Amino acid sequence: MGSATASRRFLRHPRLAACLIWAALAGLGVVFVSAAVAIGPFTSGTTGFDVSYPNCTSTLPSGDALAVVGLTHGRPFTTYSCASSLWAAARAATNNATPSAYFNTGYAGAYAKDIAGPCPTSVGSAGVFSGLSGHTLSQAQQAWKIGCSEAYFASTHAPGTPALWFADVETGNSWSTNVTLNRFAIDGLSYEMQALGGGGMYSSPVMWSTITGSASWGPTPAAEANWVTGQGGVCPSSSLFDSASPTWLSQGAAVNGVDGDLAC
């Protein structure tokens, strides 16, 4: 899926490229010993939480080092009124740390009406459509533009500039039974997220496999910042979905309705 083009795109982001170097050295047997390793905007072992529209009136935990704030109302291309207040509350609860942000994603042809921003024209530079032609190409391009537009839409409703972007890839939202189209939508949203400053995927191994057709398939090259759920808040020893990319956050149990997270 255009891996050479995608790799060049990724290396434009220094903090993500650094992870590629780390992985290469680890593969050569270089041993790293550190009590706390900074992974992008996170420090390994630190804790935090994530909040979204169900948490509009929740009391947020204090003393954590990181927060992730949802920007959509459970579906792609939606908003909710308390995003700005949650953003401010998350900063206050984490000693003014810059929150990361996540947004809901999905693929359905009906979302074509929401294609906007740079997405109608940037598709030509994505480099992922080799081998497709005719109607198959047009369907794939539309799916790519929809995914790209989901990320763009979220960026236009962000209360601030996130430390990192995450795309919420869950089976609870609309996805096609054609996993190839789902993959193109995910590649499109990932492409736009990198243009916005970098990010990755929130999912579980089962959901990722159901949506993409393979637990090991990844829309972008290594060093994407993935956030895994369903592991009891424990960091896995290896990536459990999108296998070329490391796990940066692991979501744990909720306390008073607010999910906890651990930096891996």
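The values are calculated or read from the model by the stated rules, or taken from the named source; none is laboratory data. This one's a predicted model, so the numbers in the text were calculated from it and none came from an experiment. Using ideal geometry, Cβ is built from the backbone for each residue, glycine included, and neighbour counts are taken over all protein chains shown.
Could you check V128 against (1) part of a loop (DSSP other than H, G, I, E, B); (2) among the aliphatic types (A, V, I, L, M); (3) over 22 Å from D168 (Cβ atoms) and say which number it fails?
(3)
Looking at this structure, is W217 at pLDDT 90 or above, of a type in the set (A, V, I, L, M, F, W, C) and either surrounded by fewer than 23 Cβ atoms within 10 Å (Cβ to Cβ) or in a loop (DSSP other than H, G, I, E, B) (or both)?
It is false that W217 is at pLDDT 90 or above, of a type in the set (A, V, I, L, M, F, W, C) and either surrounded by fewer than 23 Cβ atoms within 10 Å (Cβ to Cβ) or in a loop (DSSP other than H, G, I, E, B) (or both).
Go through (1) small (G, A, S); (2) more than 23 Å from S62 (Cα to Cα); (3) surrounded by 16 or more Cβ atoms within 10 Å (Cβ to Cβ) for S133 and report which single condition fails.
For S133, the failing item is (3).
To keep it simple, each residue is scored yes or no on (1) closer than 20 Å to T156 by Cα; (2) modelled with pLDDT of 95 or more; (3) not in a loop (DSSP other than H, G, I, E, B).
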position	(1), (2), (3)
S62	no, no, no
T72	yes, yes, no
R75	yes, yes, no
T79	yes, yes, no
L86	yes, yes, yes
A90	yes, yes, yes
A101	yes, yes, yes
G106	yes, yes, no
Y111	yes, yes, yes
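When you check S85 against the structure, is it farther than 19 Å from L164 by Cβ and either without any contact (Cβ under 8 Å) to a residue 40 or more places away in the chain or among the small types (G, A, S) (or both), yes or no?
yes
Note down all Cβ pairs under 6 Å where the first residue falls in region 237-256 and is modelled with pLDDT under 85 and among the charged types (D, E, K, R), the second is buried (at least 21 other Cβ atoms within 10 Å of the Cβ) and assigned to a loop (DSSP other than H, G, I, E, B), and they're at least six residues apart or on different chains.
These pairs meet every condition: D242/G218.
Go through (1) of a type in the set (G, A, S); (2) under 12 Å from N104 (Cα atoms); (3) in contact with a Phe, Trp or Tyr (Cβ under 9 Å, 6 or more places away or on another chain) one by one and return the number of the condition A158 breaks.
Of the numbered conditions (1) of a type in the set (G, A, S); (2) under 12 Å from N104 (Cα atoms); (3) in contact with a Phe, Trp or Tyr (Cβ under 9 Å, 6 or more places away or on another chain), the odd one out for A158 is (2).
Okay, residues lined up against (1) part of a helix (DSSP H, G or I); (2) in contact with a Pro (Cβ under 7 Å, 6 or more places away or on another chain):
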| site | (1), (2) |
| --- | --- |
| L132 | no, no |
| H135 | yes, no |
| W144 | yes, no |
| S155 | yes, no |
| P162 | no, yes |
| E170 | no, no |
| W175 | no, no |
| R183 | yes, yes |
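Of the residues S176, S138, which single one is out of contact with any Leu (no Cβ under 7 Å at 6 or more places or on another chain), surrounded by fewer than 24 Cβ atoms within 10 Å (Cβ to Cβ), among the small types (G, A, S) and touching a residue at least 40 places away in the same chain (Cβ under 8 Å)?
S176
Every residue in region 141-173 that is modelled with pLDDT of 95 or more, of a type in the set (A, V, I, L, M, F, W, C) and surrounded by fewer than 22 Cβ atoms within 10 Å (Cβ to Cβ), please.
Listed by number, the list holds a single entry, A158.
Could you grab me the full set of residues in region 69-110 that are among the aromatic types (F, W, Y) and surrounded by fewer than 23 Cβ atoms within 10 Å (Cβ to Cβ)?
Those that are among the aromatic types (F, W, Y) and surrounded by fewer than 23 Cβ atoms within 10 Å (Cβ to Cβ): F77, Y80, W87.
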